[in-house]
Every structure is written in C-alpha cells, then in structure tokens.
Amino acid sequence: MRRASRRTALALGLALIGCRPQATTAPSDTGPVAWIDADPLQPAEIPAGGAPRAAVARLDRLLDLLDAARFTGDEAAREALWTALGGAAMGRGPEATREAETRLLTAALGLDLKPGLDDDARGFLAGAITLLSADLGLVAGSEDLSVRVAAYRNIAEDGHPRAADNARWRLYDHVRGCLAGAAAATPERRLEVAVHGLYVREDSLAAWLDDRAVHAQAPWPPPAEMWGLLVAERDALAALPRWRGALARRDRDDAVLQDTFLAALPAARDSAWDLQRVPAGTGRKDSLAPVVGIAGEEVTVDLGRPGARRSSRGAPELVRAVEAALARDGRGAVLLVAPPLLPSPALGSILRTLLDARVARIESAVREPRLPEGTGDIVATLPLEVVRPSDQGPAAQALARARVRVHLGGRGPRLAVDGGWLDLLPGPSDLDAQLARLDRAYPRERMITLTLGDDVLYQQLQDLLRALLGGPQRRFDVVAWTPAAAPPPAEPADKAVAEARRKLEVRSELFQRTASAGLVLPAPPPGAPSAPLLPEGDQKRAEALALGFVRCLPELETPLRPGEAVDVELRFEEGRLAGIEPKAPRTRVAAPRLAALKTCIEDEARGFRLREQQAAVRFIVRVRPS
C-alpha cells in the first residue's frame with residue numbers, strides 16, 4: 001500500500017508539472033478583432049479596454065450603445081453606456097450626447113496611435129473618428145450641413161462595415177429631421193425644408209434652392225420620393241440583424257410621421273395634367289396650394305395626395321372636402337386644374353363648389369416651358385381672388401374702392417370705369433387696345449374686380465386673366481372675383497357708353513409718355529447771396545417725388561391747352577410735409593376735380609420728408625401732361 005501511495009503522488013506531481021505554464025509573458029494581441037454582433041438593446045458583456053484589440057471591440061460596442069440610446073430612448077442602453085464610460089453624464093439630451101461622443105472620440109484617437117493593430121481595426125477607427133468628428137462639428141448653414149452629411153454618406157458607402165451602420169443611423173436621422181421639419185413649416189416653405197433631405201444623395205442643392213428663375217429650377221421631388229430616402233436608410237439598417245430591434249422601436253413614430261408628412265407636403269405637379277400652355281413668364285409662381293382637379297363629370301379634391309376625395313361635380317361632399325383641404329393648408333387658396341376646353345356648365349359648377357367652401361383665392365393652373373428648352377414644363381398660375389359681401393378685411397376694403405371693373409360673358413369682356421360701362425370687346429385685339437388706354441387713364445389702379453356670366457368657357461376666363469395679370473409687365477396686380485356684384489345691363493344706354501368712352505379718352509390724354517414734372521424754387525431776395533433753397537440731397541428727393549405727381553393728372557378729367565401746366569405748392573415745416581395746395585390752371589377745372597387731384601397727390605406724398613432742410617420752406621412742383 002505504501003508503494004502504491006508513492007506511485008500516486010509521483011503521478012500527481014508529474015501532472016502538475018506538465019500543466020504549469022512554461023512562460024511568464026502575456027499572451028500576444030494579434031489577429032482579427034472579436035466584433036460583437038449582439039443587439040445593443042439586449043444585455044451583453046462589454047469587453048475590457050486593456051489590450052488594443054479588445055479596446056477596439058469595446059469602442060464599437062459603446063458606439064452601438066450610444067446610437068441605441070439616442071435613437072430609441074432606451075434607458076438600459078443609456079445606463080450601460082455611461083457605466084462603461086465611467087460615470088453619469090453631466091446633462092441630458094444633446095448635451096449628454098456630445099459629452100459621450102467626446103469621450104468616444106478621445107478613446108478612438110488614442111487607439112489610433114497604438115501599434116500592432118491590423119487594417120481591419122484601423123479601418124474601423126478611421127470611420128469612427130470621422131463619424132464622431134462630424135457629429136461634434138458646428139453647423140452654421142447649409143454648406144456645413146452638406147459637409148457633415150457627405151462625411152456620413154462616404155462612411156456608409158465606402159467605410160468599414162462596423163462604422164457604416166452607425167453612419168446609416170445618422171443619415172436616417174438627417175432625413176427624418178428634414179421631413180419632420182417640413183411638416184411643421186409654413187406651407188410655402190415645406191418643400192424648401194424637405195429638399196434638404198436630398199443631401200443623403202446630393203453634394204449640392206443649388207438646382208433647387210439657388211435664387212434663379214422658376215423656369216430654370218429643378219422640379220421639386222415628389223413627397224413619395226422624399227419619404228423613400230428615409231425608407232432606404234431603414235432598409236439598409238434592417239439588413240443587419242442586430243439593429244432590427246431598434247428599428248422596431250421606431251416603427252410607430254415613423255408611421256405617424258409618414259402620414260403627417262404626406263398629408264402636409266404639397267401634391268406633386270403631374271406632367272400629364274391637361275392644361276393650357278402659355279409662353280414663359282405669363283403666369284405667376286405656383287404657391288403649392290392644395291389641388292382641385294376637374295375632368296368631365298368628376299372632381300378630385302387634394303389631387304395627387306393619398307387621401308384624395310373624388311365625386312361627381314356639384315356633390316355636397318366636395319364642399320366639405322375642400323374645406324378640410326383648406327384647413328390643413330391654412331392659406332385659403334386652391335390650385336384649379338382643368339382642361340382649357342372645360343364647358344361653361346362645368347366651370348359654373350366647380351366655381352360654386354369653391355365659393356361654398358369659402359375659398360379665398362383660386363389659382364388657375366397653366367403650363368409654361370422649362371429652361372433650357374426641351375426639358376419639360378413647369379406649372380404656373382393665374383390667380384383670382386374671391387371677395388364676398390361679408391368680407392371685411394383690409395384686402396376686401398381696398399378692393400371695394402377699385403375703380404376699374406370687367407364683366408366676362410360668353411360674347412366677350414366689357415370694361416367699366418368709375419361705374420360707367422364701356423363697349424363690348426369681342427376680340428383679343430380690342431381688349432388689348434382698351435387695356436392700353438386704361439393704363440394711361442388710371443395709372444395708379446392696380447386692382448380690378450370681375451364678374452362672370454353663366455355662359456363663360458374656362459378658356460375665356462384664362463385668356464382674360466392672361467391679359468390682365470400675365471407677363472412681366474403686368475397691367476394689374478390683383479383680379480378679384482365679386483360673385484355678388486350685379487352684371488351690366490344687357491344693352492347699356494348709348495349715351496352712358498359714350499360718356500364713359502369720352503371720360504376714358506380725356507383721362508388717357510392727360511397721362512402721356514412725354515409728361516414731365518419739375519421743381520420751381522423761389523428766387524432769393526434782392527441783395528441776398530444766391531444760395532440754393534434746398535440741400536442737394538433733399539432737392540434730388542423732391543424731384544423724384546415730383547415725378548410721381550404726373551400720375552395724378554388724369555384726376556382733372558379736363559382737357560388742358562397745349563403746353564399748359566398745373567402747379568402744386570408744397571409747404572414743409574421741420575422737414576415734414578405740412579401742406580399741399582394745387583393751383584387752378586388757366587383752363588377752367590371743376591372744384592371736385594381739383595379736390596380729386598389733391599387727394600391723389602396726398603397719397604403719392606404720404607410719408608415723404610426732407611432729411612436735411614429743417615427750416616420752413618415752400619416751393620412749387622410744376623406738372624405738364626406733355
């Protein structure tokens with residue numbers, strides 16, 4: 001038994017000697033990094049940061065925890081991140097995120113200096129350093145934003161796979177922020193905000209946002225295309241199993257944003273719409289209002305949007321649908337999309353629907369060529385304001401004082417000035433000639449009211465709006481439809497028409513291209529030095545003011561003798577205009593017409609003052625028709 005015990009002890013000793021380490025140096029830190037593929041929202045061991053390979057894997061895991069906490073709000077991921085970073089954050093929200101990113105960037109820069117790391121580890125470190133540096137960089141404008149997103153895009157497309165997923169999260173966050181910001185912006189700015197999401201694929205947005213003619217701008221991307229940018233980043237992340245849990249946390253919020261965004265953004269303007277094509281520069285810029293389309297017997301409200309409502313024209317539910325579209329947009333305007341050959345019954349029906357829905361502005365859609373030639377068309381508008389008797393706002397009050405009116409019937413337009421109806425204008429050339437006379441007879445009138453007959457074709461309405469509003473040299477700024485106003489008599493009295501015609505001719509003769517105005521300054525008293533009455537700067541301002549008085553001459557409505565002028569005395573005290581007194585010319589002018597001239601000049605001079613001359617002063621402005 002003693003011999004057996006000695007053999008057992010010997011065997012145990014040999015075994016202990018055989019299992020004892022033969023070297024005392026630490027194991028080598030070479031070979032690939034042991035990346036962690038666990039879901040960041042699930043508990044997992046975070047490697048210690050001793051050896052460089054383990055420190056790289058640790059940095060990758062902490063970057064994933066940062067994104068999981070940031071994009072899902074998961075409290076466990078946040079606690080795990082800050083525990084690994086060595087303590088709680090000094091703040092919350094963006095401040096805490098910046099603090100965590102600063103610590104991670106410091107760690108990444110330190111690891112990048114370590115020797116012995118392979119290309120795989122160094123590729124990840126390069127991506128992480130670029131990513132975190134872009135996160136911490138200040139964004140003061142669009143150029144800074146484009147640089148930041150370009151850095152994310154480069155990492156996502158060409159960087160290390162372990163940094164590319166984090167870059168994808170930032171691209172997703174950028175697009176989502178742009179779309180959410182667009183949904184919250186004012187209607188006219190929504191596309192300008194949303195288009196910044198294109199930085200995930202474009203280096204510059206100059207084609208959309210540069211200050212250039214609307215015909216030279218790139219077409220706005222449709223809302224569905226903008227939403228597709230976010231879906232593309234989600235799909236790229238969903239291809240990685242470890243991020244599917246985080247994406248699932250985002251599903252509900254993203255679904256809500258999708259509904260909100262697509263409902264808030266203007267509908268895409270369809271190149272297939274049947275619209276009248278007009279020369280470039282005829283219409284005005286599309287305000288991107290909700291679209292009401294009519295084709296045949298069918299009317300579509302919110303045309304081009306997922307929730308568009310369709311019904312037969314005249315249906316009561318169309319009024320409620322238009323009211324809902326106006327409430328969502330908030331501007332009271334709609335874009336009317338209709339074929340130019342729309343018959344009068346269909347036009348009357350859709351106008352009644354819009355009137356019942358209390359639309360404040362109808363923008364008639366037309367098509368204009370895009371620049372350069374051959375690159376398609378843009379949608380422009382011919383706007384028509386709507387004024388009801390119950391409207392009491394400043395715009396309605398100003399339109400109530402409009403002195404020029406037009407009635408459009410099936411036989412053509414008929415103009416009225418100061419309540420007097422003129423001849424029927426059956427042809428476009430007749431209308432152009434009459435409008436040219438109106439320009440001279442009423443040079444200060446920028447608004448015209450409109451009534452419509454029951455037999456008007458849509459193309460007639462568009463042609464009239466083109467004549468009144470179209471082109472760079474617009475005759476009027478505003479055309480307002482007053483549906484409650486009485487139409488002209490079927491056959492106005494010849495005497496009344498002749499009187500209105502005579503008045504128009506007299507007024508137009510008083511405002512010619514050769515009309516002029518100048519200052520007549522009093523001479524200095526005898527023996528006084530010949531110093532100028534007004535300082536040079538004030539004299540130039542007074543001469544510019546005098547030129548505006550020429551537009552008031554038609555208010556005399558009295559033919560003047562050749563070469564005859566009208567003098568207007570201006571009196572200033574302490575630089576302020578204290579008095580205006582028109583002098584009766586040699587030709588006899590009725591007192592009411594001199595009063596009208598004075599009222600017009602007061603409007604032209606409202607707010608004017610001398611800046612250098614403080615002493616009281618009087619001088620004459622002499623106005624000549626030719």
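Here are a few things to note about the model shown:
- Residue match in segment 315-327 (condition: within 30 Å of residue 164 (Cα to Cα), assigned to a helix (DSSP H, G or I) and in contact (Cβ under 8 Å) with a residue 24 or more places away in the chain): no
- If you go through segment 44-80 and keep only what is in a helix (DSSP H, G or I), more than 25 Å from residue 119 (Cβ to Cβ) and more than 43 Å from the chain's Cα centre (by Cα), you end up with just 80.
- Counted residues, segment 605-626 - those being within 41 Å of the chain's Cα centre (by Cα) and surrounded by 18 or more Cβ atoms within 10 Å (Cβ to Cβ): 2
- Contacts under 8 angstrom Cβ, first residue in segment 84-99 being surrounded by 11 or more Cβ atoms within 10 Å (Cβ to Cβ) and among the hydrophobic types (A, V, I, L, M, F, W, C), partner modelled with pLDDT under 85 and assigned to a loop (DSSP other than H, G, I, E, B), 6 or more apart: 84/46; 96/89; 96/90
- Residue among 570, 594 that is within 25 Å of residue 442 (Cβ to Cβ), open to solvent by 20 Å² or more (accessible area, probe 1.4 Å) and either in a helix (DSSP H, G or I) or of a type in the set (A, V, I, L, M, F, W, C) (or both): 594
- Flag if residue 411 is touching a Ser or Thr at 6+ places or on another chain (Cβ under 7 Å) and open to solvent by 40 Å² or more (accessible area, probe 1.4 Å): no
- Positions within segment 313-360 being open to solvent by 50 Å² or more (accessible area, probe 1.4 Å) and either farther than 21 Å from residue 296 by Cα or aromatic (Phe, Trp, Tyr) (or both), in sequence order: 323, 327, 328, 330, 331, 358
- Checked against (1) under 22 Å from the mean Cα position of the chain (by Cα); (2) in a strand (DSSP E or B); (3) surrounded by fewer than 22 Cβ atoms within 10 Å (Cβ to Cβ), residue 271 passes all but a single condition, namely (2).
- Within segment 597-626, the set of residues being assigned to a loop (DSSP other than H, G, I, E, B) and under 17 Å from residue 515 (Cβ atoms) comprises 625, 626.
Yes/no per residue for (1) in contact with a Ser or Thr (Cβ under 6 Å, 6 or more places away or on another chain); (2) of a type in the set (Ser, Thr, Tyr):
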| site | (1), (2) |
| --- | --- |
| 374 | no, no |
| 378 | no, no |
| 387 | yes, no |
| 392 | no, no |
| 397 | no, no |
| 421 | no, no |
| 429 | no, yes |
| 434 | no, no |
| 443 | no, no |
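- Test result for residue 341, part of a loop (DSSP other than H, G, I, E, B), touching a residue at least 12 places away in the same chain (Cβ under 8 Å) and within 29 Å of residue 185 (Cβ to Cβ): no
- Applying the criterion of being more than 17 Å from residue 335 (Cβ to Cβ) and at pLDDT 95 or above to the residues of segment 299-312, the residue that is most open to solvent (accessible area, probe 1.4 Å) is 312.
- Residue in segment 383-395 that is of a type in the set (Gly, Ala, Ser), more than 15 Å from residue 360 (Cα to Cα) and out of contact with any Pro (no Cβ under 7 Å at 6 or more places or on another chain) present: no
- Residues in segment 361-390 that are open to solvent by 50 Å² or more (accessible area, probe 1.4 Å) and modelled with pLDDT of 95 or more were compared, and the one that is farthest from residue 474 (Cα to Cα) is 361.
- From the list 531, 542, the one residue that fits, being open to solvent by 40 Å² or more (accessible area, probe 1.4 Å) and either closer than 16 Å to residue 618 by Cα or in contact (Cβ under 8 Å) with a residue 12 or more places away in the chain (or both), is 531.
- Selection within segment 458-509 - open to solvent by 20 Å² or more (accessible area, probe 1.4 Å) and of a type in the set (Ser, Thr, Tyr): 482
- Among the residues of segment 224-253, just one is closer than 29 Å to residue 267 by Cα and either aromatic (Phe, Trp, Tyr) or not in a helix (DSSP H, G or I) (or both), namely 227.
- Of the residues making up segment 259-268, those that are part of a helix (DSSP H, G or I) and either of a type in the set (D, E, K, R) or surrounded by 17 or more Cβ atoms within 10 Å (Cβ to Cβ) (or both) are 259, 261, 262, 264.
- Condition met for residue 130 (of a type in the set (Val, Ile, Thr) and at pLDDT 95 or above): yes
- Among the residues examined, residue 40 qualifies as in contact with an Asp or Glu (Cβ under 8 Å, 6 or more places away or on another chain), at pLDDT 90 or above and assigned to a loop (DSSP other than H, G, I, E, B).
- The residues of segment 442-457 that are hydrophobic (A, V, I, L, M, F, W, C) and either open to solvent by less than 40 Å² (accessible area, probe 1.4 Å) or in a strand (DSSP E or B) (or both), listed by number, are 447, 448, 450, 452, 456.
- The C-beta contact set for segment 393-416 (first residue touching a residue at least 60 places away in the same chain (Cβ under 8 Å), second residue in a strand (DSSP E or B) and of a type in the set (Asp, Glu), distance under 8 angstrom, 6+ apart or interchain) comprises 399/385; 414/423.
- Within segment 133-173, the residues that satisfy the criterion of being in contact (Cβ under 8 Å) with a residue 60 or more places away in the chain and not small (Gly, Ala, Ser) are 162, 165, 166, 168, 169, 171, 172, 173.
- Criterion (within 19 Å of the chain's Cα centre (by Cα) and hydrophobic (A, V, I, L, M, F, W, C)) met by exactly one of 288, 303, 318: 288
A quick yes/no check of all residues on (1) touching a helix residue (DSSP H, G or I) at 6+ places or on another chain (Cβ under 8 Å); (2) under 30 Å from residue 118 (Cβ atoms); (3) open to solvent by less than 30 Å² (accessible area, probe 1.4 Å):
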position	(1), (2), (3)
143	no, no, no
148	yes, yes, no
159	yes, yes, no
177	no, no, no
195	yes, no, yes
209	yes, no, no
226	yes, no, yes
241	no, yes, no
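The values are calculated or read from the model by the stated rules, or taken from the named source; none is laboratory data. It should be emphasised that the depicted structure is a prediction, and the values quoted were computed from it without experimental measurement. Positions of Cβ are backbone-derived with ideal geometry, glycine not excepted, and every protein chain shown enters the neighbour counts. Keep in mind that these areas ignore ligands, DNA and RNA; they rest on the heavy atoms of the full protein, side chains included. Shrake-Rupley method; radii C 1.70, N 1.55, O 1.52, S 1.80 Å.
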